[in-house]
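The values are calculated or read from the model by the stated rules, or taken from the named source; none is laboratory data. Keep in mind it's a predicted model, so treat the numbers as computed, not measured. Neighbour counts are summed over all protein chains in view; Cβ atoms, including those assigned to glycine, are modelled from backbone coordinates with ideal geometry. Remember, those area values only see protein heavy atoms, side chains included, never the ligands or the DNA or RNA. Shrake-Rupley method; radii C 1.70, N 1.55, O 1.52, S 1.80 Å.
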Amino acid sequence: MTEFTVNGQPVRYSGEGRTHLADFLREEMGLTATHIGCEQGVCGACTLVKDGKPVRSCITYAAACEGAKIRTLEDYRDDALMARIRAAFKEHHGLQCGFCTPGMLATAYDIATRLPEADEARIREELAGNLCRCTGYMGIVAAIKAVLAEGPHVAPDPPARDAVIASARFGAAEAPEVVAEAVAAPVAAERPAPLTDGHRLERVARIELPAETVWAVLSDIRQVAACMPGASVETVEGERVTGAMAAKIGPITARFGGTAYVTYEPAEMRGAVAGQGGDGSSRSTARGEVHFALAPSGGESCELTCEILYKLSGPLAQVGRPAIVAGVVDRLLADFTANVEAAARGEAPTASAPPGFARLILAALRNMVGRST
C-alpha cells in the first residue's frame, strides 16, 4: 500500500508497480489535465508538480510516491499566479493545439516562482524539456517574460480541500477501481437564485392511475427518492433536502452529494425543486431547477409535466451536451414514472438505471434536481 496526496487529497494505492503516475491520475482519478505523449520522459506533456518540483509523471511510478505531495493542473483553478500565466499565454499566442500546454503551464509556474530574475536565455533553458510542435516557442517565451516583468511571485500554499480517499487495486483478474467519497456543493443558507443562463427541457409522461393516487407519492420527497434509481435522501429540514446518488461508471464507483429546496402546492398538485450538487471524482458541479405538475388526463390516468432548467460546470460540461442530456432525461423519466406508478400501486420500485456513460451525466443531473424530478 502506497499513501500520498493528490491536490491535497489523501490517496491509497496498492496497484501494480509498473503503473506510472500519469496513467493513475488520468484513468483512476479522472484528472485528465495531465497529458501523455511520449511516455519516455522526453516531451514534457505530462509534467506536474511533485513535492514542489516539476517531474515527468510518465516515468514516475505511482507505487514510488509514498508520502509525496502531487499537484496537477486541476489544483490551480483559483491560483492568481496561474491565472496570470494563462492570460499571458493567451495574450502572446503561446498555444495552438494545446497538447503540450499543461506541461508548459506547470513549468512556467515553476520558473515564475523559482527564477523571478530569469532572462530569455534562462527561460529557454528551463523550457528545454517541454517540446511543442506548433508554436515555435516564441509566444510561450514571451508569455513567461511578461509574467516575470510584473515582479517576484511567491507560490501560495495550496487551498485546503475536503478529504477524499481514493484507492486503486490491480490484479490479473481484477479491474482497477477507484472509490471516491462525495464532495458536496456548499450548502446555501437559503434558496439559490433563479437560473437565467442554463439549458431548458420540457417533458410530459402519462401514468395510468388517477392523479390523486400518484400525487400521494410525488408529495413525499422520500418516496420520490426511492423511485429514482441510485438516489437517497439523507435529511429533510422543512423545504431543504440533502441527499446522495451512488453511481458506477466503468471501473469508477462514485457518490454524488447535493442540496435542494423543495416546495409543493397540494391544491394544484404541482411543485418545484431548486438544487445544486458536486461530483467529487470529476470535480464538476451542477445547478438546476425542476417545475413539475400533475393533471388528470381522462379516465383513470394522469399526465406528469416536467420543466427542467440546468447548468453544468467542470469536466462534465464537456460531455454533457444538451442533446446527450435530453436523451438521458428521456430514459430517466421513463424509469422514474414506472417506479412512481409501481409505488402508487403499493409495489416495490424497480432497481433500473441508465447505461454507464449516461449515468455519469445523469448523476450530476440528479444532484441539481434534488433527486425529485
**Asked** Would you call Leu31 open to solvent by less than 40 Å² (accessible area, probe 1.4 Å), outside any loop (DSSP other than H, G, I, E, B) and within 15 Å of Ala106 (Cα to Cα)?
**Response** no
**Prompt:** Within region 56-89, can you find the residues that are under 16 Å from Asn7 (Cβ atoms), among the hydrophobic types (A, V, I, L, M, F, W, C) and assigned to a loop (DSSP other than H, G, I, E, B)?
**Reply:** Cys65, Ala68
**Request:** Among the residues of region 5-28, count how many are touching a residue at least 60 places away in the same chain (Cβ under 8 Å) and open to solvent by 10 Å² or more (accessible area, probe 1.4 Å).
**Result:** 11
**Message:** Given the criteria buried (at least 19 other Cβ atoms within 10 Å of the Cβ) and over 29 Å from Gly151 (Cα atoms), does Ala45 qualify?
**Reply:** no
**Prompt:** Within region 100-117, restricting attention to residues that are in contact with a Pro (Cβ under 7 Å, 6 or more places away or on another chain) and closer than 19 Å to Arg56 by Cβ, which residue is surrounded by the fewest Cβ atoms within 10 Å (Cβ to Cβ)?
**Reply:** Asp110
**Prompt:** Hey, among Cys38, Cys43, Cys58, Cys65, which residue is more than 30 Å from Met138 (Cβ to Cβ) and at pLDDT 90 or above?
**Reply:** Cys65
**Request:** Identify the residue in region 37-65 that is in contact with a Ser or Thr (Cβ under 8 Å, 6 or more places away or on another chain) and among the polar types (S, T, N, Q) and, among all such residues, is farthest from Leu21 (Cα to Cα).
**Result:** Thr47
**Message:** Condition first: open to solvent by less than 10 Å² (accessible area, probe 1.4 Å) and more than 19 Å from Glu268 (Cβ to Cβ). Now tell me which residues in region 213-228 satisfy that.
**Reply:** Ala225, Cys227, Met228
**Request:** Return yes or no: is Cys97 in contact with a helix residue (DSSP H, G or I) (Cβ under 8 Å, 6 or more places away or on another chain) and either closer than 29 Å to Lys145 by Cβ or surrounded by 18 or more Cβ atoms within 10 Å (Cβ to Cβ) (or both)?
**Result:** no
**Asked** If only one of Ala33, Ala83, Ala87 is touching a residue at least 60 places away in the same chain (Cβ under 8 Å) and at negative phi, which one is it?
**Response** Ala33
